[in-house]
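To keep things clear, I will list the structure first and then write my remarks on it.
Readers should treat all values here as calculations from the given coordinates under stated rules, not as data from a laboratory. Keep in mind the model is a prediction, meaning the values are calculated, not measured. Note that each Cβ is placed from the backbone with ideal geometry, even for glycine, and that neighbours are counted across all protein chains shown.
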Amino acid sequence: MIPWSPEEERLIAEKIERALDQFDRGEFLTEAESRADLERRKAAWLRDQTRR
C-alpha cells in the first residue's frame, strides 16, 4: 500500500474535523439518510466506472 502524501493527510484531517464539528452542532444524517446517501454515491461511482 502506498502511504498518503502530507497533502492527502491534511485533507483527510480537515474532512474529519469538519464532520465532527457538524456532529457537535447537530447537523448529521440519520442512519437511513446516511445509507441512502452512500447508495446514491455508490451507484454514481459504478456508472462512472462502466463508462470508461
Quick calc, the chain, dipole around Cα centre from Cβ unit charges on Lys, Arg (+) and Asp, Glu (-), nearest 20 debye, gives 480 debye
Read phi for every residue in the stretch 8-21 and hand back ³J(HN,Hα) as whole Hz from Karplus 6.51 cos²θ - 1.76 cosθ + 1.60, θ = phi - 60°, with x for Gly and Pro. 5, 4, 5, 5, 5, 4, 5, 5, 5, 4, 4, 5, 5, 4
Specify which labelled value, from [x] 91; [y] 64; [z] 122, agrees with volume of the Cα convex hull per residue in Å³ derived from the coordinates of the model shown. [z]
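Residue 43 to residue 4: extension gain in nm, 0.36 nm per residue of separation minus the Cα-Cα distance?
Numbers: separation 39, 0.36 × 39 = 14.04 nm, distance 2.63 nm.
Length gained between residue 43 and residue 4: 11.4 nm.
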